[in-house]
Amino acid sequence: GDSVTQMEGPVTLSEEAFLTINCTYTATGYPSLFWYVQYPGEGLQLLLKATKADDKGSNKGFEATYRKETTSFHLEKGSVQVSDSAVYFCALSEPPGNTGKLIFGQGTTLQVKP
Amino acid sequence: DTAVSQTPKYLVTQMGNDKSIKCEQNLGHDTMYWYKQDSKKFLKIMFSYNNKELIINETVPNRFSPKSPDKAHLNLHINSLELGDSAVYFCASSQDQDGNSPLHFGNGTRLTVT
């Protein structure tokens, strides 16, 4: 079945460092891809999404590009802040017309130190 | 103005008891979900409802029974609680079930079974 794999965490960076969190997926169709963020004690929030190949999602300085050839959707940010410390989840949804179910990766914890 | 609210936030109970978690969304969404997050942060869908109709029922013990009295509410009842049920349970909603609509999550209910 469909699945999402993220890099193991925790990822620890200093403020203003460059961030990459790797995400690869396997899917039989053409899924939509998402990054969600979970701050401590809260539910997940959508960070960005891309619905087709070569689309770039971006929000709050984070970016991710839907790469069909490498089945990847890596999350990047040029300069992280302490406030970016959270757990980041990559996810895919099964093709439109299906159930709308989201399949999540295992999450990557990011810790940013001042 | 909480978009997706679930109660209680914390639930501590003994094995064998029956408990319920309530969820309400004021976003006017058609689809609601229950997800379970284990101690390693892994998220897995349990159920989804669209306009009060059950759409997704993953491999969940039948001790878990969702109920949707209207499209703004999706409650989760758990019978005969077991130690392995300890987790954080998240309610979520989305505009529809086409797979492209982002999910809006509640802040979670941390269930501890002793």
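The values are calculated or read from the model by the stated rules, or taken from the named source; none is laboratory data. Treat the numbers as computed from the prediction; the structure is a model and nothing was measured. So basically every Cβ, Gly included, is an ideal-geometry build from the backbone, and we count neighbours across all protein chains shown.
Some notes on this structure:
- Candidate set from the stretch B:1-21 (those that are farther than 17 Å from B:SER86 by Cα and surrounded by fewer than 17 Cβ atoms within 10 Å (Cβ to Cβ)); member that is modelled with the lowest pLDDT: B:ASP1
- Where B:SER68 falls short, out of the listed (1) part of a strand (DSSP E or B); (2) at pLDDT 95 or above; (3) farther than 26 Å from A:GLN106 by Cα; (4) among the polar types (S, T, N, Q): (2)
- Looking only at residues in the stretch A:1-53 that are buried (at least 21 other Cβ atoms within 10 Å of the Cβ) and part of a loop (DSSP other than H, G, I, E, B), the one that is farthest from the other protein chains (Cβ to nearest Cβ) is A:PRO31.
- Residues that are farther than 25 Å from A:SER14 by Cβ and in a strand (DSSP E or B), drawn from the stretch A:66-82: A:ARG67, A:SER72
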